[in-house]
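Enquirer: Could you have a look at this structure, given as structure tokens, before my questions?
The values are calculated or read from the model by the stated rules, or taken from the named source; none is laboratory data. Predicted model only: the values in this text are computed from it and were never measured. Positions of Cβ are generated from backbone atoms using ideal geometry, with glycine treated the same way; all protein chains shown enter the neighbour counts.
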Amino acid sequence: MRLRSLLFVPGDRPERFAKAAASGADAIILDLEDSVSPANKDMAREAVADYLAGTREVITLVRVNPLDGHMTAADVAAVAAAAPDAIMLPKAEGAPSIAQLDTILRSEGGDAGHLPPILPIATETPAAIFTLGSYREARERLVGLTWGAEDLPAAIGAATSREADGSYTEPYRVARALTLFAAHGAGVAAIDTVFPAIKDEGGLSAYAARARRDGFTGMMAIHPSQVAPINAAFTPSADEVARAQAIVDAFAANPGAGVLQIDGKMIDAPHLKQARHILSLAD
């Protein structure tokens, strides 16, 4: 499941579903949580279920409501029969939250042998930060891990998660980094959070490029215009692919070598691993 870009769509705006699916995003997230008012929850569930029951053009996730809000079971009951490709779980708190959601999926969704994988938003509560390492225990149920920079500061009474220039303050740099390592520790996709300035394409491109540099494999989006820059950032360039292929070919031609020289630079096992990763992204 390739997840460079994941585009949010409010679940109570079904007229936007097809446009989102045609945006070029690798996946769309039909949202039943924050973007839908309490009065529109039932209508959103019905609209999402109707869409899922049709022909899908793209990987489709559903973001359900948090486990502590007593709406998760109703969300799952409404959409499970239509088999979403994955469930996004907000305010997740480690492997216990995955187990709790699985209990609801089995209860409301039927066939336990075909439970959809889960994409937790892993840093939205203070307690969640201390459970990030536990996702390794539930790795077979995960499609990835992502994080959020909005709910956590609200939960602890912080004024903001960002500096004046848009960069994260120190606590949220830590949350981002821990999510990155937790995802790779579990062997699943590391998905960076949204870039809220919709009209700042340059800022988005720079942010997405840094995310890929740091080891994230994809990023969430809140507007169709953000999809193309995100996809570009997480797709290796022709030069990157050529260099990666040269490294792989060099080691293939010298199977007993631990260290080689290419273009005057020494390369070894970590370079080979990175080269294979780049080629996998290109594929």
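Enquirer: Residue under question is residue 208, and the condition is that it be outside the structural domain of residue 186 (by TED's automatic domain parsing), crowded, with 17+ Cβ neighbours inside 10 Å and within 27 Å of residue 143 (Cβ to Cβ); does it hold?
Expert: no
Enquirer: Next question, about the same structure. Identify the single condition in (1) surrounded by 19 or more Cβ atoms within 10 Å (Cβ to Cβ); (2) closer than 22 Å to residue 233 by Cβ that residue 47 does not satisfy, given that it satisfies every other one.
Expert: So the condition that residue 47 fails would be (2).
To keep it simple, each residue is scored yes or no on (1) in contact (Cβ under 8 Å) with a residue 40 or more places away in the chain; (2) under 25 Å from residue 179 (Cβ atoms); (3) not aliphatic (A, V, I, L, M).
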site: 21; (1), (2), (3): no, no, no
site: 33; (1), (2), (3): yes, yes, yes
site: 56; (1), (2), (3): no, no, yes
site: 74; (1), (2), (3): no, no, no
site: 80; (1), (2), (3): no, no, no
site: 83; (1), (2), (3): no, no, no
site: 91; (1), (2), (3): yes, yes, yes
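Enquirer: Can you give me the number of residues within the stretch 144-173 that are surrounded by fewer than 15 Cβ atoms within 10 Å (Cβ to Cβ), among the polar types (S, T, N, Q) and closer than 24 Å to residue 184 by Cβ?
Expert: 1
Enquirer: Please tell me if residue 141 is surrounded by 17 or more Cβ atoms within 10 Å (Cβ to Cβ), in the same structural domain as residue 79 (by TED's automatic domain parsing) and either touching a Pro at 6+ places or on another chain (Cβ under 7 Å) or closer than 24 Å to residue 205 by Cβ (or both).
Expert: Criteria met by residue 141.
Enquirer: When both residues are 6+ apart or on different chains and their Cβ atoms are under 8 Å apart, which pairs have a first residue that lies in the stretch 118-131 and is assigned by TED's automatic domain parsing to the domain that holds residue 152 and part of a strand (DSSP E or B), and a second that is of a type in the set (Phe, Trp, Tyr) and modelled with pLDDT of 95 or more?
Expert: Short answer, once both residue conditions are applied: 120/135; 121/147.
A quick yes/no check of all residues on (1) over 14 Å from the mean Cα position of the chain (by Cα); (2) modelled with pLDDT of 95 or more; (3) not β-branched (Val, Ile, Thr):
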residue: 149; (1), (2), (3): no, no, yes
residue: 167; (1), (2), (3): yes, no, yes
residue: 174; (1), (2), (3): yes, yes, no
residue: 183; (1), (2), (3): no, yes, yes
residue: 192; (1), (2), (3): no, yes, yes
residue: 207; (1), (2), (3): yes, yes, yes
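Enquirer: In the stretch 174-195, what count of residues is obtained for those that are loosely packed, with under 15 Cβ neighbours inside 10 Å and either over 19 Å from residue 144 (Cβ atoms) or among the hydroxyl-bearing types (Ser, Thr, Tyr) (or both)?
Expert: 1
Enquirer: Checking the structure you have, find out if any residue of the stretch 81-95 is in contact with a Pro (Cβ under 8 Å, 6 or more places away or on another chain), surrounded by 23 or more Cβ atoms within 10 Å (Cβ to Cβ) and at positive phi.
Expert: There is at least one residue in the stretch 81-95 that is in contact with a Pro (Cβ under 8 Å, 6 or more places away or on another chain), surrounded by 23 or more Cβ atoms within 10 Å (Cβ to Cβ) and at positive phi.
Enquirer: All but one of (1) surrounded by fewer than 20 Cβ atoms within 10 Å (Cβ to Cβ); (2) basic (Lys, Arg); (3) more than 18 Å from residue 118 (Cβ to Cβ) hold for residue 4, so report the exception by its number.
Expert: (1)
Enquirer: Regarding residue 202, is this residue in contact with a Lys or Arg (Cβ under 9 Å, 6 or more places away or on another chain), in the same structural domain as residue 94 (by TED's automatic domain parsing), surrounded by fewer than 20 Cβ atoms within 10 Å (Cβ to Cβ) and not acidic (Asp, Glu)?
Expert: Answer is no for this residue.
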